[in-house]
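For reference, the structure discussed in these notes is given below.
The values are calculated or read from the model by the stated rules, or taken from the named source; none is laboratory data. In this text the structure is predicted, and so the values were computed from the model without any measurement. Virtual Cβ from ideal backbone geometry, glycine too; neighbours counted across all protein chains shown. Ligands, DNA and RNA are stripped out before the accessible areas are found, and what is left, the full protein with its side chains, is counted by its heavy atoms. Shrake-Rupley method; radii C 1.70, N 1.55, O 1.52, S 1.80 Å.
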Amino acid sequence: TEHGFQGNIYEAHTLCEQYGLKCIFGVEAYYVDDMYDKSSRSNYHLMLIAMNDNGRKEINKIMSLANTDGFYYKPRIDLKCLLSLTPSDVIITTACVASRMFKDDWEDAFLKPVLNHFGKNFYLEVQNHNELVQIEHNKKLLKVKEKYGVQLIHANDSHYIMPEDAKYRDLFLNAKGMHYEEESNFILDYPDSNTIIERYRTQGVLNDEQIQEALTNTLIFDNAEPIK
């Protein structure tokens, strides 16, 4: 996935074929409650993953709207766009610490309508960065899980594969004049499950049962239809 658009799906599909992987379609969308409200440049992050071809087409449709009606510095979708998606055809996760969660009337304006629409296809996304901003975010997500019964799902938020490749991302961002202070100590690699578990244990928020739930739920994407 890419921020704000569906990514270079042709390049991704070619690489997946080359390495024997299944190509799944998705986007990390920029989200606002109302795309027609141009009073603020702020936006939130939201993960959308297509489980089949209809889900892909519906995501395409709302991302097209994001680039016309919703465009204000970024291509933005809103709640109406989200609720237009067929709930059985798309997986929604709350994304990273830049999520809509825990900001400005988040329960009534975001969580409840999205949960009511998507049901079991809506997940609370946890990550295992051992940084205060992620630790506090995960703690809040566990309270939401307890109150509403929403399942956890793990995400690496991978920007590179091996830890030593972090320097290339830094060079890329520096060249574009970009710096994300709150992510400066995040490890954004693609580790194996044992490493993920150890990082959660070091972080000290999720217990072993919750860690296993978050990892097991990533297997939902085994059911996704591959891109043709």
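Of note:
- Residue among LEU124, LEU142, LEU79 that alone is within 14 Å of the chain's Cα centre (by Cα), surrounded by 15 or more Cβ atoms within 10 Å (Cβ to Cβ) and either at pLDDT 95 or above or under 26 Å from ALA214 (Cβ atoms) (or both): LEU124
- Flag for LEU188 being aliphatic (A, V, I, L, M) and not in a helix (DSSP H, G or I): yes
- Residue identified as under 18 Å from THR94 (Cβ atoms), open to solvent by 50 Å² or more (accessible area, probe 1.4 Å) and β-branched (Val, Ile, Thr) among VAL133, VAL150: VAL133
- Some residue of region 9-29 being closer than 20 Å to ASP104 by Cβ and either in contact with a His (Cβ under 9 Å, 6 or more places away or on another chain) or at pLDDT 95 or above (or both): yes
- Restricting attention to region 15-57 and to residues that are among the hydroxyl-bearing types (Ser, Thr, Tyr) and part of a strand (DSSP E or B), the residue that is least open to solvent (accessible area, probe 1.4 Å) turns out to be TYR31.
- Matching option when the condition is buried (at least 21 other Cβ atoms within 10 Å of the Cβ) and in contact with a His (Cβ under 6 Å, 6 or more places away or on another chain), among ALA66, ALA95: ALA95
- Close pairs (7 angstrom Cβ cut-off, 6 or more residues apart or separate chains): closer than 14 Å to ILE91 by Cβ in region 209-228, open to solvent by less than 100 Å² (accessible area, probe 1.4 Å) and part of a helix (DSSP H, G or I) anywhere: GLU225/ASP53
- Screening ARG199, ARG169, ARG100 for residues that are under 19 Å from HIS3 (Cα atoms) and at pLDDT 95 or above leaves exactly one candidate, ARG100.
- Qualifying position, being open to solvent by less than 90 Å² (accessible area, probe 1.4 Å), among the small types (Gly, Ala, Ser) and at pLDDT below 85, among GLY204, GLY177: GLY177
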